1. How many residues are under 19 Å from the mean Cα position of the chain (by Cα) and free of Cβ contacts under 8 Å to residues at least 12 places away in the same chain when one looks only at the stretch 180-239?
2. Name the residues in the stretch 44-64 that are open to solvent by less than 30 Å² (accessible area, probe 1.4 Å) and touching a Ser or Thr at 6+ places or on another chain (Cβ under 9 Å), would you?
3. Would you pick out the residues in the stretch 117-146 that are aliphatic (A, V, I, L, M) and open to solvent by 10 Å² or more (accessible area, probe 1.4 Å)?
4. Please return the ranges of helices (runs of 4 or more DSSP H) entirely within the stretch 1-41 where 3 or more residues are touching a Ser or Thr at 6+ places or on another chain (Cβ under 9 Å), open to solvent by less than 10 Å² (accessible area, probe 1.4 Å) and within 15 Å of Ala139 (Cβ to Cβ).
5. Which residue is nearest to Ala126 (Cα to Cα), if the candidates are limited to the stretch 277-289 and must be free of Cβ contacts under 8 Å to residues at least 24 places away in the same chain and assigned to a helix (DSSP H, G or I)?
Amino acid sequence: MPLALLALAVSAFGIGTTEFVMMGLLPNVADDLGTSVPTAGHLVSAYAIGVVVGAPLLTALGSRIPRKRMLLLLMALFVVGNLASALAPGFGWLVAGRVLAGLPHGAFFGVGAVVAARLVREDRQARAVATMFLGLTVANILGVPAATLLGQHLGWRATFLVVTVIGLVAMAALARLVPYVPVDERQGLGREIRALGRPQVLLGLLTAVFGFAGVFAVYSYLASMTTEVMGFGESTVTVVLALFGLGMTGGALAAGPLTDRALRPTLYGSLAALVLALVAFRFTIHVPWLALVTVVVLGAVGFMTTTPLQMLVMRKAKDAPTLASASNHSAFNLANAGGAWAGGAAVAAGWGWTSPTLVGAGLTVIGLAIAAVAGLLDRADTTEGTSRVVAEGPRPADRTAQPERTA
């Protein structure tokens, strides 16, 4: 695999750390800024709003910018957003900093996925995209626990300063390792928007919204399930979250080669396995060791859906995949918010802490049904098994390495 993928993975590690670390720092932030924990919870939503808005907006604005330069600009905005969060004088300013930090998230992964696919042979594109996503999963195993521990001992501002440094390191890696990738002269915003409006792209985005919502219906309340149902102490919550992260990493590693071999079967299989794992968790949660095993499985099959979903929208957008790729991350964040809301509504209705498992299974069933309908509509397309990401100019294998251009 090209070293450029390492630079993309380091960037994903920083993005994943800042996205999820706030969940562990809410009590610290609330105490320091004189607000309640539920109010501080809006900081999680603020980041998600930044992702949903920024993914299509920044991708559209940067549609004519060479891909390497676009990645650097997006990571620079990420650095500014986290530095602003670290220096925020009050709660309102911190909300603004979180929105700013979230703006480049979806656009970076969207552009980065297209670049990653361009760096390798056609039969290894999904593996390249999955390698970039590994940074996101490793963030859940190492970055988030370490950053949470740092924030608890040195203050939450120290956490965002460290994430700022990670962003600067990522920028250096991108500048050094990512080759020049031009924008196809035929491309433009209008072409990207038309590609986004293709039925198969829209169905792929809907699959992501409902299918992945099943993951967050449970993940959002995994800490409470650990203490209220599994019977573990609060000190075990970090271990349970790390186990989920280990499962995510395994799922990402498996998803790449499986997606390269058979995209739709991998998507169907991972969604079906997620439904079964969510239903099983409803029962295994009462047996501590079985609950821990199921947590790992949930992380694996849940994250195994991301690579085929990402590749699906990119391939169906054909020669204008960047906006569709970025919008997929808006879909994932809508799944985050929607799944958390649905799981919380079930708990609030008095159905108990295990109810999010069945709510999540129901949401994932809807996602699987949408994917199945899309597959049936797509059977007439004989290029399903061979279509690849074709935008962004000549492939690296077809040319000698070029330095980054200034114009």
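The values are calculated or read from the model by the stated rules, or taken from the named source; none is laboratory data. Note that this is a predicted model, so its numbers are computed, not measured. Don't worry about glycine lacking a Cβ; one is built from the backbone with ideal geometry, like all the others, and counts go over all protein chains shown. Surface accessibility is based on the protein's heavy atoms, side chains included, excluding ligands, DNA and RNA. Shrake-Rupley method; radii C 1.70, N 1.55, O 1.52, S 1.80 Å.
1. Total meeting the criteria: 1.
2. First, pick out the residues of the stretch 44-64 that are open to solvent by less than 30 Å² (accessible area, probe 1.4 Å): 46-48, 50-51, 54-55, 59-60, 62-63.
Correct list: Tyr47, Val51, Gly54, Ala55, Thr59, Gly62, Ser63.
3. Here is the first cut: in the stretch 117-146, the ones aliphatic (A, V, I, L, M) are 117, 119-120, 126, 128-130, 132, 134, 136, 138-139, 141-142, 144, 146.
Selection gives Leu119, Val120, Leu134, Leu136, Val138, Ile141, Leu142, Val144, Ala146.
4. Details: elements: 4-20, 22-33, 37-40.
Ranges flagged: 4-20.
5. Filtering the stretch 277-289 for residues free of Cβ contacts under 8 Å to residues at least 24 places away in the same chain gives 280, 283-284, 287, 289.
Subsequent filtering for residues that are assigned to a helix (DSSP H, G or I) retains 280, 283-284, 289.
Values: Ala280: 29, Phe283: 34, Thr284: 33, Trp289: 34 Å.
So, considering only residues that are free of Cβ contacts under 8 Å to residues at least 24 places away in the same chain and assigned to a helix (DSSP H, G or I), the one nearest to Ala126 (Cα to Cα) is Ala280.
The rows are residues; the columns are (1) touching a Gly at 6+ places or on another chain (Cβ under 9 Å); (2) assigned to a loop (DSSP other than H, G, I, E, B); (3) surrounded by fewer than 18 Cβ atoms within 10 Å (Cβ to Cβ).
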{"site": "Gly343", "(1), (2), (3)": "yes, no, no"}
{"site": "Gly352", "(1), (2), (3)": "no, yes, yes"}
{"site": "Val359", "(1), (2), (3)": "yes, no, no"}
{"site": "Leu368", "(1), (2), (3)": "yes, no, no"}
{"site": "Ala371", "(1), (2), (3)": "yes, no, no"}
{"site": "Leu376", "(1), (2), (3)": "no, no, yes"}
